[in-house]
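Peer 1: Structure incoming, see below.
The values are calculated or read from the model by the stated rules, or taken from the named source; none is laboratory data. Please read these numbers as outputs of a predicted model, since none were measured by experiment. Using ideal geometry, Cβ is built from the backbone for each residue, glycine included, and neighbour counts are taken over all protein chains shown. Protein only, heavy atoms only, side chains kept; ligands, DNA and RNA dropped before computing areas. Shrake-Rupley method; radii C 1.70, N 1.55, O 1.52, S 1.80 Å.
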Amino acid sequence: MLWRQHTVYRERSGGVVIRGEHVQRWISLAPSGRKDEILLRAGRILDGGTTAPARSETVVSLCIGTGELATACRRLLAETATDAAPPAPAAPGRTEQSEEPKRPGRKGKRMSLVSWTILACVVGVVALFAYSTATTGTR
């Protein structure tokens, strides 16, 4: 497990992207064009949630075990973290208006329309199953 909190989605090219918002990094596993090999890429997540171009990438054989694949992923993510430039120092004489650190992204989590639709479908299927079981009587 790379991160405890992550988002996984599929790219148009057929690859898989794993985003760790809390660590401000992403990693991508995509077909490399060769048989039994994948392209691993890692990069940073910028303020506002957009992804920066990949900072590190490598081609890995699928013949290796999951332990070696996880090691390669961790190495790329570590390189991405060390490549990140430190934040620029504040100009002298300027003070922040609030003492609380600013957090990127939304203040509250909201469910998208797709999430609500999926949730409604799951509840509908469970209700239909319960109704059909109650009316037919399972013996």
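Peer 1: Got a number for the accessible area of Tyr131? Probe 1.4 Å, square angstrom, nearest 10.
Peer 2: 150 Å²
Peer 1: Once you wrap a convex hull around the alpha carbon atoms of the stretch 1-64, what is its projected area averaged over all directions, in nm²?
Peer 2: 4.7 nm²
Peer 1: What is the calculated FRET efficiency for Arg12 to Ala52, with r their C-beta to C-beta distance and R₀ = 22 Å, to the nearest 0.05?
Peer 2: About 0.70, to the nearest 0.05.
Peer 1: Let me ask you something else. Calculate one ³J(HN,Hα) per residue across the stretch 33-39 by plugging θ = phi - 60° into the Karplus curve 6.51 cos²θ - 1.76 cosθ + 1.60, and present them in order as whole Hz with x for glycine and proline.
Peer 2: x, 10, 5, 6, 9, 10, 9
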